Amino acid sequence: MKSKSLFLSALLGIFSVAFVQAQGFHIGAKGGVNINKIAGRSFTDEFDYGYSLGGFVDLDFSKKWGLQPELMWSQSKTKTATNFNDIYPTGINSTDVTLNYLTIPVLLSYKPIPLLSLQAGPQFGILLSQTQNVVYSVKDAFKKGDLSMLFGAQLNLGAFKAGARYFIGLNNLNDIDDADKWTNQGFQLYVGLKIF
């Protein structure tokens, strides 16, 4: 809980400083597809599709540099391995799992040319729900928080945006024990539109 409070306090501080120094300020909406998997022996080594929807803020410090914080509902899908109950005796083999997150990416943007933004930064995810239990004896097998790093590129076509990102999880999502480490990873493809 301390790490969540510290992270949210840091975000608030960054937003405050960024807003005061911003030369450009825009708000927009975006949506897209997540192509992800959960790495670990407990899950299939295949990518699956989920969706994302939310909003973003553009804070431009100069023509080249800016910050793009976002608030997104993001879906992650996976499937337990065929031998999942070898790792967890009360586990359910080959079951589909959908994880719904509230994600907060905070991306530093660099524009080598006005048409293109190169972006990188952290993303904090808060698990809102999971559609399937993976272990009979455990209600919530996944931790409530997920910290990832994002790297990507975005096309800026007037008010329209389109982009692709790679994300890699930094923390273990397994809330059962340390028998297997679970990390979220994959790609995000999206389109967005500046509204204000």
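The values are calculated or read from the model by the stated rules, or taken from the named source; none is laboratory data. Values in this document were obtained by computation on a predicted structure and should not be read as measured data. Ideal geometry is used to build each Cβ from the backbone, glycine not excepted, and the neighbour counts take in all protein chains shown.
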From the list PHE142, PHE167, PHE151, pick out the single residue that is exposed (fewer than 15 other Cβ atoms within 10 Å of the Cβ), among the aromatic types (Phe, Trp, Tyr), touching a strand residue (DSSP E or B) at 6+ places or on another chain (Cβ under 8 Å) and within 21 Å of GLN75 (Cβ to Cβ). PHE151
Give all pairs with beta carbons closer than 8 Å in which a residue from the stretch 49-65 that is over 18 Å from ASN184 (Cα atoms) meets a residue that is of a type in the set (Asp, Glu); count only pairs at least 6 apart in sequence or on separate chains. GLY54/GLU70; GLY55/GLU70; PHE56/GLU70; VAL57/GLU70
Odd one out for VAL134 among (1) surrounded by fewer than 13 Cβ atoms within 10 Å (Cβ to Cβ); (2) touching a helix residue (DSSP H, G or I) at 6+ places or on another chain (Cβ under 9 Å): (1)
For the condition under 17 Å from the mean Cα position of the chain (by Cα), hydrophobic (A, V, I, L, M, F, W, C), surrounded by 14 or more Cβ atoms within 10 Å (Cβ to Cβ) and closer than 30 Å to TRP65 by Cβ, what is the one hit in LEU173, LEU107? LEU107
Name the one entry in SER94, SER129 that is of a type in the set (Ser, Thr, Tyr), assigned to a loop (DSSP other than H, G, I, E, B), at pLDDT below 95 and surrounded by fewer than 20 Cβ atoms within 10 Å (Cβ to Cβ). SER94
Against the condition over 21 Å from GLN185 (Cα atoms) and polar (S, T, N, Q), how does ASN83 come out, does it pass? yes
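Which of the residues that make up the stretch 75-89 are surrounded by 13 or more Cβ atoms within 10 Å (Cβ to Cβ) and either within 16 Å of ASP177 (Cβ to Cβ) or among the hydroxyl-bearing types (Ser, Thr, Tyr) (or both)?
Correct list: SER76, THR78, THR80, PHE84, ASN85, ILE87, TYR88.
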Can TYR88 be described as at pLDDT below 95 and closer than 25 Å to LYS144 by Cα? yes
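Does PHE124 count as assigned to a strand (DSSP E or B), without any contact (Cβ under 8 Å) to a residue 40 or more places away in the chain, over 17 Å from ILE38 (Cβ atoms) and of a type in the set (Phe, Trp, Tyr)?
Answer is no for this residue.
So is PHE61 hydrophobic (A, V, I, L, M, F, W, C), in contact with a Gly (Cβ under 6 Å, 6 or more places away or on another chain) and modelled with pLDDT under 95 or not?
When the stated conditions are applied, PHE61 does not pass them.
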